[in-house]
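I have placed the structure first, in the form of structure tokens, so that the comments after it can refer back to it.
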Amino acid sequence: MPARIRATAVAAVLGVAMGLTPGAAAAAVPPGRESRLPVVTPTPQSIDTNGRQLRVPARVGLILGDGADEATANLVRRTLQNAGAREIVGDRAELTVVAGLLSDPDVSGALAEAGGAKPGELRPEGYSLAARAKGRGGLVALAGNDGDGVYYAAQTLRQLAAPGRIAAAKVADFPLMALRGSIEGFYGAPWSHEDRLDQLAFYGDIKANTYIYTPKDDLYLREKWREPYPAAELAKIKELIDAAAGHHVQFTYAVSPGPSICYSDPADIQALRDKLASIHEQGADSFYIALDDISYTKWNCAGDEQVYGAPGQEAAGRAQAELLNGVQRDFLDPAGAQPLQMVPTEYSDVADSPYKKVLRETLDERIVVQWTGTDVVPPSISVADAEKAAQVWGRKVFLWDNYPVNDYGQTTGRLLLAPYDKREAGLHTALGGIVLNPMNQAAPSKVALFGGASFAWNDQDYDAGRTWRAAADYLAAGETKTAEALLAFFDTQHLAPTFGDVVWQPQAPVLKSKVDAVRAAPRGAALRRLDQYADLLAAAPERIRAGVPDPAFSAQAKPWLDALTLWGRALQSTVDGIRLAAADPAGADRAFAEAERLAAEAAKIRTIPGTTRPQGPVRVADGVLDAFLADAPGLVGRR
């Protein structure tokens with residue numbers, strides 16, 4: 001292939017190549033009243049500008065009222081330090097931040113002074129924020145309806161702050177869904193303890209408040225659910241519980257006794273309560289019983305048939321309701337814990353059944369029921385779907401959303417990095433919350449989890465594309481070139497299939513639009529744009545490795561980043577071949593041969609053992625990039 005000078009300053013063409021407006025990856029701003037403000041995620045219920053931006057001087061005052069816990073105080077301090085404060089004092093200063101409960105007169109007074117207003121209804125986890133410039137500094141008030149609200153106000157301040165300044169804003173905000181976060185429920189390689197701790201910190205940043213602990217490798221919540229945890233394992237769970245609390249996340253312990261429990265055996269009932277009590281003693285107050293993926297056509301013991309009759313839907317429903325109601329009444333109520341959560345044996349449709357009827361009519365109305373949508377992996381979820389589910393279960397359901405989990409069928413060899421999408425605005429009217437089932441790869445799962453938490457907070461104003469770009473910006477720590485490289489990488493991992501291999505998120509839509517344009521006109525502007533994009537793809541992995549602060553992202557995405565480097569270079573060679581076809585046919589043939597060699601090398605890269613079932617070749621924009629490389633010689637008569 002002839003020597004060729006490729007631009008080293010790939011950043012100069014990134015925005016054009018991605019089809020984004022300048023700055024869209026790092027700070028995509030909706031039009032209208034927020035246009036002078038940075039993007040805040042989740043989107044607040046109300047956000048307005050409040051005059052000119054505030055300057056951050058070297059000396060800043062921080063006044064903490066009731067409800068501002070240590071985690072909130074530390075978050076505000078870090079935010080101010082990152083914005084340029086070198087000294088933070090506990091009194092008024094040129095720039096002062098006041099944080100605490102709205103019920104505290106000093107906090108409510110500061111809110112009014114800064115131009116904010118007390119909301120008419122104090123919703124759980126809600127907050128009001130006002131930041132107003134004054135002289136060479138200003139006043140910021142973070143007023144929470146409760147302790148969680150104060151913390152979330154501080155998370156919004158983090159997004160309003162930048163080096164040397166804080167955006168002047170008035171915010172009134174609260175979540176529309178009570179439960180928001182993740183359920184570690186996938187098969188294959190589990191997350192490490194460090195992964196879990198990192199996830200809990202991330203959930204605090206994105207205002208997610210729920211982590212359901214149910215890893216498939218924890219034998220003491222599955223096969224050995226009757227047995228107590230060894231001291232070392234129990235210590236790890238306590239560390240997770242404590243870390244969750246520090247980030248205002250509810251650690252929910254989920255036990256799965258269904259495969260072996262004898263519902264009529266008092267010893268089994270006591271063993272279950274003893275297991276929950278051992279976790280409660282570590283500080284947990286949220287519990288979950290999983291009764292999914294079991295059969296209700298047989299009992300685990302003869303005693304159950306004597307008590308509940310022949311196995312079947314109705315009998316299983318009665319046995320499960322009795323178990324769950326007993327746990328709620330005899331353990332959780334005396335312990336002052338949160339309402340019990342459960343996933344039923346029938347969890348993925350909206351049709352009524354004898355099983356659902358029994359649970360609807362006999363299950364304690366406080367118990368939270370999970371539902372996966374109209375299928376195990378639904379291509380979309382509508383308000384009508386959720387309303388039907390709420391009707392058959394007799395309560396708002398709690399969505400277990402099987403995205404971006406990649407432990408089945410067509411997800412083998414893929415990262416699922418498309419936006420969280422195809423869930424209808426208004427779902428909060430029928431859902432009590434949403435948790436996403438993530439991938440084996442914890443750090444890359446943050447892309448979808450970022451969107452899921454934003455949607456659950458405010459589904460009415462959720463914009464999938466804007467939130468996707470904000471997730472890239474978050475992972476890139478605000479570095480625009482890295483965020484744009486991430487978006488290019490995400491595009492090559494955009495495909496999302498259902499269990500039945502129905503594709504509900506298309507593969508590589510940005511890349512596809514560019515190669516389709518070249519198919520239609522193999523020379524000219526379309527080829528130049530594809531050339532720029534090929535440079536972006538080839539350079540993106542190194543940009544991501546150098547620019548994403550979290551080393552776990554690059555480590556867990558390594559096979560896909562390695563493959564993308566080769567596929568990007570193959571696309572560069574293909575573009576060269578198309579360009580050379582008329583003037584230098586032999587050179588074109590060499591370029592196409594080099595592209596074929598690089599693609600073959602990329603195809604040899606395998607996933608990390610255990611992270612998908614079964615291990616296989618990584619997939620990078622498959623069906624789009626490989627197809628174009630195969631077809632390109634024919635477009636210019638070189639085949």
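Taking just the C-alpha trace of segment 211-369, give me its Rg and Dmax in Å.
Rg then Dmax for segment 211-369, in Å: 15.6, 48.
Contour minus end-to-end for Q615 and R329, with contour as 0.36 nm per residue of separation and end-to-end as the Cα-Cα distance? Write out the running numbers ahead of the final one.
On the way: separation 286, 0.36 × 286 = 102.96 nm, distance 4.52 nm.
Net length gain for the segment: 98.4 nm.
Restricting to the chain, compute how many DSSP beta bridges are antiparallel as a %, nearest 5. Before the final figure, lay out each step's value.
Details: 24 of 68 bridges.
That works out to approximately 35 percent antiparallel.
Could you give me the ³J(HN,Hα) list for segment 47-52, computed from phi with Karplus coefficients 6.51, -1.76, 1.60 and θ = phi - 60°, whole Hz, x at Gly and Pro?
For segment 47-52, the Karplus curve yields 8, 9, 6, 9, x, 7 Hz.
Of the listed pairs K356/K388; K558/K604; K275/K446; K216/K298; K357/K388, which have alpha-carbon separations greater than 20 Å here? Please list the in-between numbers first.
Details: K356/K388 12 Å; K558/K604 14 Å; K275/K446 31 Å; K216/K298 23 Å; K357/K388 14 Å.
Beyond 20 Å between Cα atoms: K275/K446; K216/K298.
What percentage of the solvent-accessible surface of segment 444-568, computed with a 1.4 Å probe over protein heavy atoms, is contributed by carbon and sulfur atoms? Could you put the intermediate results ahead of the total?
Working: 2110 of 3860 Å².
Carbon and sulfur: 55 percent of the exposed surface of segment 444-568.
Just how large is the dipole of segment 354-447 about the Cα centre, in debye to the nearest 20, putting +1 at every Lys and Arg Cβ and -1 at every Asp and Glu Cβ? Before the final figure, lay out the partial values.
Working: 11 positive and 10 negative charges, 14 e Å.
Here segment 354-447 has a charge dipole of around 60 debye.
Tell me the Kirkwood radius of segment 516-560: reciprocal of the mean inverse pair distance over distinct alpha-carbon atoms, in Å. Don't skip to the answer; put the middle values down first.
On the way: mean 1/r = 0.0815 Å⁻¹.
Across segment 516-560, the inverse of the average 1/r is 12.3 Å.
Output wanted: per-residue J couplings in Hz (rounded whole) for segment 242-254, from phi through Karplus 6.51 cos²θ - 1.76 cosθ + 1.60, θ = phi - 60°, x for Gly and Pro.
5, 5, 4, 4, x, 10, 6, 10, 8, 7, 10, 8, 10
Cα to Cα, under 25 Å, and not fewer than 8 places away if on the same chain: which lysines meet these conditions relative to K134?
Here the lysines satisfying the reach criterion relative to K134 are K118, K170.
Just name one of S108, Q199, F174: the one whose Cα is farthest towards the positive end of the charge dipole of segment 70-214 (beta-carbon charges, Lys/Arg +1, Asp/Glu -1).
Positive-most Cα among the choices belongs to S108.
Applying the Karplus parametrisation 6.51 cos²θ - 1.76 cosθ + 1.60 with θ = phi - 60° to the phi angles of segment 266-276, what ³J(HN,Hα) value in whole Hz is obtained for each residue in order, glycine and proline being reported as x?
Rounded to whole hertz, the list is x, 5, 5, 4, 5, 4, 5, 5, 5, 5, 5.
Express the Stokes-Einstein translational diffusion coefficient of segment 90-169 in µm² s⁻¹, to the nearest whole number, given a Kirkwood radius over alpha-carbon pairs, 25 °C and a viscosity of 0.890 mPa s. Write out the running numbers ahead of the final one.
Details: Rh = 12.4 Å.
Translational diffusion coefficient: 199 µm²/s.
Could you please state how large a percent of the accessible area of segment 130-227 is carbon and sulfur, counting protein chains only and using a 1.4 Å probe?
Working: 1410 of 2790 Å².
Carbon-and-sulfur percentage of accessible area, whole number: 51.
In the neighborhood of D330, defined by Cβ-to-Cβ distances under 13 Å, what is the net charge if each Lys or Arg adds +1 and each Asp or Glu adds -1? Kindly include the intermediate steps, with their values, before the conclusion.
Details: positive: R273, R329; negative: D274, E322, D333, D364.
Around D330, the charge tally is -2.
To the nearest 20 debye, what is the magnitude of the charge dipole of the chain about its Cα centre, counting +1 on the Cβ of each Lys and Arg and -1 on the Cβ of each Asp and Glu?
Numbers: 66 positive and 77 negative charges, 567 e Å.
In debye, rounded to 20, the chain gives about 2720.
Using only the alpha carbons of the chain, determine the length spanned along each of the three principal axes and report them from longest to shortest in whole angstroms.
Largest first, the chain extends 85, 70, 46 Å along its Cα principal axes.
Cα centroid distance between segment 62-79 and segment 114-140, in Å?
15
Computed FRET efficiency, Cβ-Cβ of R86 and Q338, R0 51 Å: what is it to the nearest 0.05? Provide the component values of the computation, followed by the final result.
Numbers: r = 42 Å, r/R0 = 0.83.
It comes out at approximately 0.75.
Looking at the P(r) of segment 329-398, how many percent of alpha-carbon pairs lie beyond 14 Å?
Working: 1404 of 2415 pairs.
When every Cα pair of segment 329-398 is considered, 58 percent fall beyond 14 Å.
Counting residues in segment 103-257 as N, plug N into 2.2 N^0.38 Å and put the Cα Rg over that result.
On the way: Rg = 19.7 Å, N = 155, 2.2 N^0.38 = 15.0 Å.
Output field value: 1.32.
Please give the charge dipole size of segment 184-250, origin at the Cα centre, charges +1 on K and R Cβ atoms and -1 on D and E Cβ atoms. Round to the nearest 20 debye.
Details: 8 positive and 12 negative charges, 49 e Å.
Roughly 240 debye, rounded to the nearest 20.
Over the chain, average the accessible area per residue using a 1.4 Å probe and give it in Å², no decimals. Numbers along the way, then the final one.
On the way: 23720 Å² over 639 residues.
With all protein chains present, the chain gives 37 Å² per residue.
Could you tell me the extents of segment 382-503's C-alpha atoms along the three principal axes, largest first, rounded to whole Å?
On the principal axes, segment 382-503 reaches 48, 33, 21 Å in Cα extent.
Output needed: percent of Cα pairs per 5 Å distance bin for segment 387-451, bins running from 0 to the one holding the longest distance.
4, 17, 24, 20, 14, 13, 8, 1
Taking Cα atoms of segment 32-118, Rg/Rh with Kirkwood Rh, to two decimals? Numbers along the way, then the final one.
On the way: Rg = 13.7 Å, Rh = 14.3 Å.
Radius of gyration relative to Kirkwood radius: 0.96.
How large is Rg/Rh for segment 462-621, to two decimals, with Cα atoms and a Kirkwood Rh?
Working: Rg = 16.7 Å, Rh = 16.8 Å.
My calculation of the ratio gives 0.99.
Using packing as a proxy for protection, rank 537-549, 290-302 so that the peptide with the highest average count of other Cβ atoms within 10 Å comes first. Working shown, then result.
Values: 537-549: 20.1, 290-302: 16.0.
Packing proxy ranking, top to bottom: 537-549, 290-302.
Work out the charge dipole of segment 410-540 with +1 on the Cβ of Lys and Arg and -1 on the Cβ of Asp and Glu about the Cα centre, then indicate which of G433, A488, L475 is farthest towards its positive end.
About the Cα centre, the residue reaching furthest to the positive side is A488.
How would you rank 329-337, 624-632, 470-478, highest first, on the average number of other Cβ atoms within 10 Å across their residues? Let's see the in-between values first.
Details: 329-337: 14.0, 624-632: 19.6, 470-478: 22.1.
Ranking, from highest mean packing down: 470-478, 624-632, 329-337.
Under 5 Å between amide H atoms, partner at least 5 residues away or on a different chain: which partners does D66 have, H built in plane at 1.01 Å?
L101
The values are calculated or read from the model by the stated rules, or taken from the named source; none is laboratory data. Because the structure is predicted, anything quoted here is derived from the model rather than measured. When we count neighbours, we look across all protein chains shown, and the Cβ atoms used for this are built from the backbone with ideal geometry, even at glycine. Areas reflect the complete protein model, heavy atoms only, side chains present, ligands, DNA and RNA absent. Shrake-Rupley method; radii C 1.70, N 1.55, O 1.52, S 1.80 Å.
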